[in-house]
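In what follows, a structure is listed as C-alpha cells, so that the remarks can point back to it.
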Amino acid sequence: MSVSLISPKQLQDRVQAGKHVDLIDVRTPVEFREVHVSFAKNVPLDQLDCTKVTRERAGAGAPLYVICRSGSRGKQACDMMLAAGCTNVVNVEGGTMAWDQAGLPVVRGQKAISLERQVRIAAGAFALTGAVLSFIHPYWAGLSAFVGAGLMFAGITDTCGMGMILARMPWNQVPKSSATSCATPESKSCCG
C-alpha cells in the first residue's frame, strides 16, 4: 500500500471546514519549537510508537496526517504506521516548509539548525577529517569512504542513520518544562 499525499492548502481547507484533523509532526523537538503548524502534535520519528499513536487518537477512523520538514521523514513515519496496521495515514506534501511557503498559519519560536543541515555538517566534517588525516596514514581515507558509503546508502534507501543519531543528541531536545508550555494554538510565538 502506498502513502497518500495531501497538499498543505487542502489540509488547511479541511480544518477551516470544521473537520477533525489529527496531525503529528515527526521532526525533532527543537525543529518543532522553531516553526510548526499550530494544531500539530510533536511525535519525533525516532520516538514514534505506532501503537500508542493509534490508541491515543480521538477519531480512530479519520485519517492521521503526518508532517515533517520537507516530506521525507513524514513518508518514513507513514510507512511505519502502515506496517503497524494503521491504514489511513496521509503525508503532508512538502512538509512544514511547503506549509510556511504557502502562507498558512504557523507558530514560530527559537531558531534552530535543521536536522538535514546537521547531517551535512557532520558528514562534511568526517569526510574532511578522513582526507586530511590520510596524509598522516593512508588508512584514514577509510573514514571518508565510510561517510561516502553511508550517504549513498541514505540516498538509496531514504533512511539516514546519521540523522537518526543526531536527532537524539541533547541539542535537538527541548527541556520538559519548555515542551509542555510550548504548543498552544492560541500563541503567536513558541518558547521565546
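Mean-square fluctuations from a GNM of the chain, with a 10 angstrom spring cutoff on Cα atoms, peak among ALA77, ALA123, ALA141 at ALA141. For the peptides 20-27, 101-108, the ranking by packing is 20-27, 101-108, with the highest mean count of neighbouring Cβ atoms within 10 Å listed first. Between ARG108 and ALA62, the C-beta separation translates, for a Förster distance of 41 Å, into a calculated FRET efficiency of about 0.90. Taking 0.36 nm per residue of separation and subtracting the current Cα-Cα distance, fully stretching the chain between ILE156 and GLN101 would add 17.0 nm. When shorter helices are ignored and each DSSP H run of at least 4 residues is given -39500 (n - 2.57), the per-residue value for the chain at 222 nm works out to -14000 deg cm²/dmol. With a/c under 1.5 counting as rounded, go ahead and sort the stretch 4-111 into rounded, prolate or oblate using the C-alpha gyration tensor (a ≥ b ≥ c being the square roots of the eigenvalues; past the cut-off, prolate if a/b is larger than b/c, else oblate). Judged from the Cα gyration tensor, the stretch 4-111 comes out oblate (a/c at least 1.5, b/c at or above a/b).
Going by how many other beta carbons lie within 10 Å of each one, how would you line up MET162, MET169, MET152, fewest first?
The order, fewest Cβ neighbours first, is MET152, MET169, MET162.
Computed about the Cα centre, the dipole magnitude for the chain is approximately 300 debye when only Lys and Arg (+1) and Asp and Glu (-1) carry charge, each at its Cβ. Working from label points 7 Å from Cα in the Cα-to-Cβ sense, the GLN16 to ALA149 distance is 5.2 nm. Taking amide H as placed 1.01 Å from N in the peptide plane, the amide H of GLU93 sits under 5 Å from that of ILE6, SER7, each at least 5 places away or on another chain. Counting only aspartates and glutamates at least 8 places from LYS9 when in the same chain, those with an alpha carbon closer than 16 Å to its own are ASP22, GLU93, ASP100.
Values in this text are rule-based calculations from the coordinates and carry no lab data. Keep in mind that what you see is a predicted model, and the values were worked out from it rather than measured. Here Cβ is always computed from backbone atoms with ideal geometry, including for glycine, and neighbour counts include all displayed protein chains.
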